[in-house]
Amino acid sequence: MVKYPVILSLATLGNVAAEISKSETIPTGDTFDVIALGDWGAPLSTSNVAAQGAVATIMALWLEQNAYSDVFDLGDSLYWNGVIAENSVGRMQESFENVYTKVIEKQVCWSGVYGNHDLAGGAYLCIKPDVNITTDNPTRIACDKPSDVKAALQQHVDGQRSYAQHNKLWHPKTPFYMRTFQKGQVTVDAFFVDMNSARVNGVSNICCQCYGQTDTKDCESVVIGHPRCADGKKDIAEACIRVLDGWEAESLKLLQDKACSSKADHKVLISHYNVLLHLTEERRDQWIKTLTTCGVTLSVSGHTHGMAQHEHSGITFVTSGNGGGRPAEDVFEPVLGTTVWKPTNLNYGFTALSFTKESIVVQYVVLKDGSKIGATTAGNQIEGYQVLHSITLPKAGAPQGRPNLCL
């Protein structure tokens, strides 16, 4: 188990012990290798910046041993409230460039989705165009009218999307899109979808905007329909709900239109929310039906800040939300489906995915036992990484043969 010392350690991030746990053996031949990283962009004012830095360290160590080309960003990339175009470059430098320096040096491409905290899930949604707009903390205000809500949500989407103009490794995110990755004879279709209308800290977090109010007590219980939701302005909440519902509907349509016709070797769903854990029963069943019908055998998500493997209807659901942005937590049991594995102790890390012609190897990678996370990144003492659990999944289809580009 990772230890958290009360006193700041004198060891630095660069003092990493030579011993590294042995990773899973990947079959020879062409492979598309990607790291799945969830809930990683720690609030700058919290000690979790050090936990995020610790995960970045073992990612760099992993890449020294394994030639991975991509990262699947599972959302909640920039706590607490995401960015807008006016302040994205500065925040991305602090939370991305300065943290994952050695990963970026390897020319690893990042493609991802939006979580609730990328869409102002911790404050008011609308932003005042004042002198603070280019800072990490722009002035947030309650939205006056429904049209402001739609514009504000798009403003947050454009924030991370616009960063691609400044960094060629950052894929310009949208709420829903498909990417095809090819490595030699291996083809993977990845479907990046939006589920922020989720019942668990999704739509209520974003649309009720309770954490922007003067009284933030019991905000976890302020859900759609609550008198405090959006300061009691039903038209504001409903406008927000319509946008998020629309994004999810378009995401589901994308999957139905493209996944069922895909002839890729593998088809994978990338989302912030876990289909089994975070959605209403009705929407959960819609997604499962489409995944099953279209032959998608792997679904990867974050949101809950832990690791787990669940199974249902021939689909493997991977939770990998312990990227260091927030304190690690246990993954709760699904109402539907089976928990195949989750760790005994809480830890931080990422999931490594290797797609071969015939299989997918999934490895859960965390900080090695004995590692210490300091009060700051400089106080970290990282012993290496260890693979806690691995699984091998069969292929889902036949290759299409389209190129893999960073942008």
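Rule-based calculations on the coordinates, nothing more; no lab input. Computed from a predicted model, the values in this text were never measured in an experiment. When we count neighbours, we look across all protein chains shown, and the Cβ atoms used for this are built from the backbone with ideal geometry, even at glycine.
Cα to Cα, under 14 Å, and not fewer than 8 places away if on the same chain: which aspartates and glutamates meet these conditions relative to Lys168?
Asp70, Glu97, Glu105
Can you list the equivalent-ellipsoid semi-axes of the chain, largest first and in whole Å, using the square root of 5 times each Cα gyration tensor eigenvalue? List each step's numbers first, then the result.
On the way: eigenvalues 188, 141, 78 Å².
Output for the chain: semi-axes of 31, 27, 20 Å.
Whole number please: convex hull volume per residue, Cα atoms of segment 69-109, in Å³.
Numbers: hull volume 3.1 nm³, N = 41.
Per-residue hull volume (Cα only) is 75 Å³.
Treating only the Cβ atoms of Lys and Arg (+1) and Asp and Glu (-1) as charged, compute the dipole magnitude of the chain about its Cα centre; round to the nearest 20 debye.
Details: 34 positive and 42 negative charges, 95 e Å.
The calculated dipole for the chain is roughly 460 debye.
Stretch His166-Glu105 to full length: gain in nm at 0.36 nm per residue minus the Cα-Cα span? Provide the component values of the computation, followed by the final result.
Numbers: separation 61, 0.36 × 61 = 21.96 nm, distance 1.56 nm.
Residue separation times 0.36 nm, minus the Cα-Cα distance, leaves 20.4 nm.
Find how much the distance from Glu311 to Glu250 grows on full extension, using 0.36 nm per residue of separation minus their present alpha carbon separation; answer in nm with one decimal.
Full extension of this stretch gives 19.4 nm more.
Assign unit charges at the C-beta atoms only (+1 for Lys and Arg, -1 for Asp and Glu), then state the dipole size of segment 212-292 relative to its Cα centre in Debye, rounded to the nearest 20. Mind dumping the intermediate values first?
Values: 12 positive and 14 negative charges, 59 e Å.
For this selection, approximately 280 debye.
For segment 167-236 and segment 80-122, compute the distance between their C-alpha centroids and round to whole Å.
15 Å
Using only Cα atoms, what is the ratio of the radius of gyration of segment 29-96 to 2.2 N^0.38 Å? Don't skip to the answer; put the middle values down first.
Values: Rg = 13.6 Å, N = 68, 2.2 N^0.38 = 10.9 Å.
Relative to the rule-of-thumb radius for its length, segment 29-96 sits at 1.25.
Tell me, what HN-Hα J-couplings in whole Hz come from the Karplus equation 6.51 cos²θ - 1.76 cosθ + 1.60 at θ = phi - 60° for each residue of segment 326-334, using x for Gly and Pro?
Ordered by residue, 3J(HN,Hα) equals 9, x, 5, 8, 6, 8, 6, 7, x Hz.
Of Ser45, Ser371, Ser261, which is the most mobile in a GNM of the chain whose springs link Cα atoms less than 10 angstrom apart?
Sorting by GNM fluctuation, first place goes to Ser45.
Net charge near Trp40: determine it from the other residues with C-beta under 10 Å of the C-beta of Trp40, scoring Lys and Arg +1 and Asp and Glu -1. If you can, show how the numbers build up before the last one.
Numbers: positive: Arg326; negative: Asp39, Asp73, Asp76.
Net of charged neighbours comes to -2.
Over the chain, what is the relative contact order in percent, taking alpha-carbon pairs closer than 8 angstrom and at least six residues apart? Please report the intermediate quantities before stating the final value.
Numbers: 1054 pairs, mean separation 107.4, N = 407.
Relative contact order for the chain comes out at 26 percent.
With both partners inside the chain, how many of the DSSP beta bridges are antiparallel, as a percent to the nearest 5? Don't jump to the answer; show the numbers that get you there.
Working: 40 of 62 bridges.
If I count the DSSP bridges inside the chain, around 65 percent turn out antiparallel.
Ile141's amide H: which non-local residues (gap 5+, or another chain) put their own amide H closer than 5 Å, with H modeled 1.01 Å from N in plane and none for Pro or chain starts?
Cys126, Ile127, Lys128
What shape does segment 327-400 have by the C-alpha gyration tensor, where a ≥ b ≥ c are the square roots of the eigenvalues, rounded means a/c under 1.5, and otherwise prolate means a/b greater than b/c and oblate the rest? Please list the in-between numbers first.
Details: a/c = 2.98, a/b = 1.65, b/c = 1.81.
Verdict is oblate for segment 327-400.
Using the 10 angstrom Cβ neighbour count as an exposure proxy, how do Ser262, Ser390 rank, fewest first? Working shown, then result.
Working: Ser262 24, Ser390 18.
Ranking Ser262, Ser390 by Cβ neighbours within 10 Å, fewest first, gives Ser390, Ser262.
Straight distance only, please: which lysines reach the Cα of Lys234 with their own Cα at less than 17 Å, same-chain residues fewer than 8 apart left out?
Qualifying lysines at Cα under 17 Å: Lys145, Lys150.
Tell me the Kirkwood radius of segment 262-407: reciprocal of the mean inverse pair distance over distinct alpha-carbon atoms, in Å. Mind dumping the intermediate values first?
Working: mean 1/r = 0.0608 Å⁻¹.
One decimal place: 16.5 Å for the Kirkwood radius.
Too long at a 19 Å Cα-Cα cut-off: which of Lys233/Lys253; Lys106/Lys183; Lys102/Lys183? Numbers along the way, then the final one.
Numbers: Lys233/Lys253 31 Å; Lys106/Lys183 17 Å; Lys102/Lys183 23 Å.
Over 19 Å apart, Cα to Cα: Lys233/Lys253; Lys102/Lys183.
Per the helix-only calculation at 222 nm, which mean residue ellipticity applies to the chain, given -39500 (n - 2.57) for every DSSP H run of n ≥ 4 and division by its residues, nearest 500 deg cm²/dmol? Can you show the working numbers first?
On the way: 8 runs with 90 residues, N = 407.
Helix-only estimate at 222 nm: -6500 deg cm²/dmol.
Using a cut-off of 28 Å between alpha-carbon atoms, which lysines can reach Lys342, once sequence neighbours fewer than 8 places away in the same chain are excluded?
Lys3, Lys22, Lys267, Lys289, Lys357, Lys368, Lys372, Lys395
Please name which of Asn116, Leu63, Phe96 has its Cα lying farthest along the dipole of segment 46-181 towards the positive end, using unit charges on Cβ (Lys, Arg +1; Asp, Glu -1) and the Cα centre as origin.
Of the candidates, Asn116 comes out farthest on the positive side.
Cut-off 10 angstrom, C-alpha nodes, Gaussian network model of the chain. Which of Asp245, Asp130, Asp285 fluctuates the most?
Asp130
Given axes a ≥ b ≥ c from the Cα gyration tensor, I'd like to know whether segment 281-364 is rounded (a/c under 1.5), prolate (a/b larger than b/c) or oblate.
Numbers: a/c = 2.08, a/b = 1.30, b/c = 1.59.
Note, shape of segment 281-364 comes out oblate.
If each residue of separation counts as 0.36 nm, what is the full-extension length gain between Ser261 and Ala142 once their alpha-carbon separation is subtracted?
Values: separation 119, 0.36 × 119 = 42.84 nm, distance 4.34 nm.
Here the answer is 38.5 nm.
Just want the ordering: Val223, Val365, Val157, Val318, from fewest to most Cβ atoms lying within 10 Å of their own Cβ. Don't skip to the end; give the middle numbers.
Working: Val223 17, Val365 28, Val157 20, Val318 24.
Neighbour counts put them in this order, fewest first: Val223, Val157, Val318, Val365.
For Ser313, Ser299, Ser162, what's the fewest-to-most ordering of other Cβ within 10 Å of each Cβ?
Ascending number of Cβ neighbours within 10 Å: Ser313, Ser162, Ser299.
How long are the semi-axes of the ellipsoid equivalent to segment 205-339, from square roots of 5 times the Cα gyration tensor eigenvalues, in whole Å, largest first?
30, 20, 12
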